[in-house]
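Step one of this worksheet: look at the structure below.
The values are calculated or read from the model by the stated rules, or taken from the named source; none is laboratory data. In this text, all values refer to a predicted model and were calculated from it rather than measured experimentally. Cβ sites come from the backbone with ideal geometry, for glycine too, and all protein chains shown count toward neighbours. For accessibility, only protein heavy atoms count, side chains too; no ligands or nucleic acids. Shrake-Rupley method; radii C 1.70, N 1.55, O 1.52, S 1.80 Å.
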Amino acid sequence: SAKCGACGPGYATPLDAMKGKYRPREEIVYLPCIYRNTGIEKPDYLATVDVDPKSPHYCQVIHRLPMPNLKDELHHSGWNACSSCFGDATKSRNRLILPSLISSRVYVVDVGTDARAPRIHKIVEPVELFWKGNVAHPHTSHCLGSGDILISCLGDPAGNGKGGFILLDGETFEVKGNWEKGDKVPPLGYDFWYQPRHNVLISTEWGALKVLADGFNPADVERGHYGRHINVWDWSSRTFVQAIDLGKGSIPLEIRFLHEPAAAEGFVGCALSGAVHRFYKTEKGDWAAEKVIEVPSKKVRGWLLPDMPGLITDILISLDDRFLYFSNWLHGDVRQYDISDTRRPRLVGQVFLGGSITKGGPVTVLEDKELQCQPEPFVIQGKKVPGGPQMIQLSLDGRRLYVSTSLYSGWDKQFYPDLVREGSVMLQIDVDTERGGLKVNQNFLVDFGKEPDGPVLAHEIRYPGGDCSSDIWV
């Protein structure tokens, strides 16, 4: 990539991003911080956190950019430009796209002028999504090689499920309308990944916003208000062509293709079933899925249900496509699998960082197919961490895995009331990239319970230069 005379943002290949000598170690990260459902009447904000061990401000929030509105529920973020337009020297990764899950606003944040002190560049108001696309509750934002920005949505303006998309102009950030064409749209939406070489976009399904907004009711799964499919789209015609059923009550959330753009396969984590499915292109040219990992539920007493799922909430793949990572938000562990053989992932690393089954808590485990005893509560630097591991982000070189503990304020409040009272944390795990293995870095703790306006829920982690879950190579 150093030979590229006029390069655009990102890196020429995933391995360039991972191993390139011109790639600096991450020094700061961005996290959206949420006050909705905490009882604190303050706007959400974007936190800039110093993660440079040589810095005097290591593990500290060095800047806060408050939004101008209350109760947005900032959630996931994306970029105006990434490695998908690497060859275009007119493009620059200088805007962070920050959709709001509840208010349906999209904030465009200037991180190019001063990366350590972002500022708001533009606000796309909800009415733009409502009128121009009949969609609401934007979730995942990916930049496209064309220069536009594609955002998936959970539903329509009334809170019903609808797996539609909205397209933003990458220069003006005006809403251009829906990405999808035709009358067929999946009943639910959530995350997505695209791969033009295989003429495909695949999206996932969480649930209808009006049923999940204030918490989880298991009966809503029976009523069909939660997802069970991954949905295949024809990339060039933008039409919905196939639904792959992953089973009743599976709730497929985060989806990741392998980073190698020639590879026609990837993985999706299912929250409620505790399964990871490998999806792949068949010889016929359509797509299929097979279950390759299953986290067994635990029989418990003192919890919402007699069976507690792991609740796989976030997954990602290292840039060399060797390791798969995911978090079990309820059981409390983060796992590392060797996926050299994508059909037979092999567990090589696991750490417990809290969760709902720790010793001394309200839950008693009656039957466990994996553990001999309930794990100890997770304590770091004298702090007992509330909640469980949730969003994860891997350093480009694959050696450091960052973890935050908030899922979504309405569910945090239901499952981990201590998390809402005390605020979330960000942790860092050291990764053995040779044999596999995970070890908590005891020197790293960002405690969002100590924020100036009170404890806050910090969510997804982004690096200024792009990362494993935001960059797509085409």
* Considering only segment 162-254, give the strands (runs of 3 or more DSSP E) lying wholly within it that have at least 1 residues that are among the aliphatic types (A, V, I, L, M) and out of contact with any helix residue (DSSP H, G or I) (no Cβ under 9 Å at 6 or more places or on another chain). => 165-168, 200-203, 229-234, 239-245
* To do: Check whether at least one residue in segment 121-140 is within 19 Å of SER203 (Cβ to Cβ), assigned to a strand (DSSP E or B) and of a type in the set (Val, Ile, Thr), and report yes or no.
  => yes
* Structure fact -> Taking segment 405-419 and keeping residues of a type in the set (Gly, Ala, Ser) and in contact with a Gly (Cβ under 6 Å, 6 or more places away or on another chain) leaves GLY410
* Structure fact -> Across segment 30-61, the tally of residues that are open to solvent by 10 Å² or more (accessible area, probe 1.4 Å), in a strand (DSSP E or B) and closer than 17 Å to LEU427 by Cα stands at 1
* If you check GLY112, GLY145, GLY159, which single one turns out to be open to solvent by less than 10 Å² (accessible area, probe 1.4 Å), in a loop (DSSP other than H, G, I, E, B) and more than 30 Å from ILE380 (Cα to Cα)? -> GLY159
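So that you can scan it fast, the table gives a plain yes or no per residue for (1) touching a helix residue (DSSP H, G or I) at 6+ places or on another chain (Cβ under 6 Å); (2) farther than 23 Å from THR38 by Cα:
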residue: LYS369; (1), (2): no, yes
residue: GLY382; (1), (2): no, yes
residue: ARG421; (1), (2): no, no
residue: LYS439; (1), (2): no, yes
residue: GLY449; (1), (2): yes, no
residue: PRO452; (1), (2): no, no
residue: LEU457; (1), (2): yes, no
* Out of (1) touching a Leu at 6+ places or on another chain (Cβ under 7 Å); (2) more than 30 Å from ALA17 (Cβ to Cβ), the odd one out for LEU316 is which? -> (2)
* strands (runs of 3 or more DSSP E) enclosed by segment 331-435 - at least 1 residues per element that are under 26 Å from GLN60 (Cα atoms), in contact (Cβ under 8 Å) with a residue 12 or more places away in the chain and within 19 Å of the chain's Cα centre (by Cα) -> 333-338, 392-394, 400-404, 425-431
* Does segment 196-209 contain any residue that is closer than 21 Å to ASP110 by Cα, of a type in the set (Val, Ile, Thr) and within 18 Å of the chain's Cα centre (by Cα)? -> no
* To do: Please specify each residue of segment 1-24 satisfying the condition of being out of contact with any Asp or Glu (no Cβ under 8 Å at 6 or more places or on another chain), at pLDDT below 85 and surrounded by 13 or more Cβ atoms within 10 Å (Cβ to Cβ).
  => CYS4, CYS7, GLY20
